[in-house]
1. How big is the dipole moment of the chain about its Cα centre under a simple scheme where the beta carbon of each Lys and Arg is +1, that of each Asp and Glu is -1, and everything else is neutral? Debye, nearest 20, please.
2. Could you tally the net charge around ARG60, taking each other residue with its Cβ under 10 Å from the Cβ of ARG60, Lys/Arg +1 and Asp/Glu -1?
3. Taking loop as defined by DSSP and a crowding limit of 15 other beta carbons within 10 Å, which trypsin sites (Lys or Arg not before Pro) in region 47-95 fit?
4. For region 79-119 and region 7-48, compute the distance between their C-alpha centroids and round to whole Å.
Amino acid sequence: QVQLVESGGGLVQAGGSLRLSCAGSGITFSFSDVGWYRQAPGKQRELVAAISSGGSTNYRDSVKGRFTVSRDNAKNTMYLQMNSLKPEDTAVYYCNAKGWGIATMRPGDYWGQGTQVTVSS
């Protein structure tokens, strides 16, 4: 069974920093494309940052220069370093992985349960 577990969310003042982590299990993590999405109340889920199995990254324009996505394949973990946080960054942040489940040996699109990030003004 594939599991993605996020941690590191919380309440922070504008201008502050947080580091999110996503630990994966049951998936061929190092061969998976992974990313962070977020969903604010009343809004659609949107891609924040992604990192491919080869290490290529992409970011939504509003977080470029402030957020950094990285991965440690030895730990099956992805990170999102968020600096200079703004109130508009407030959302539930979800980890996503597109890869092969170890038990099923089938490709899939997997999601974590989400972690709340709240930025106060």
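Values quoted throughout were computed directly from the atomic coordinates according to the rules given, and no laboratory measurement underlies them. Keep in mind the model is a prediction, meaning the values are calculated, not measured. Reconstructed Cβ throughout: ideal geometry from the backbone, glycine too, with neighbour counts over all protein chains shown.
1. Numbers: 12 positive and 8 negative charges, 12 e Å.
So the dipole magnitude of the chain works out to roughly 60 debye.
2. Values: positive: ARG38, LYS64; negative: GLU46, ASP61.
Neighbour charge sum, excluding ARG60 itself: 0.
3. On the way: sites: ARG60, LYS64, ARG66, ARG71, LYS75; in loops: ARG60, LYS64, ARG66.
Loop-located and lightly packed - ARG60, LYS64, ARG66.
4. Answer, in whole Å: 3.
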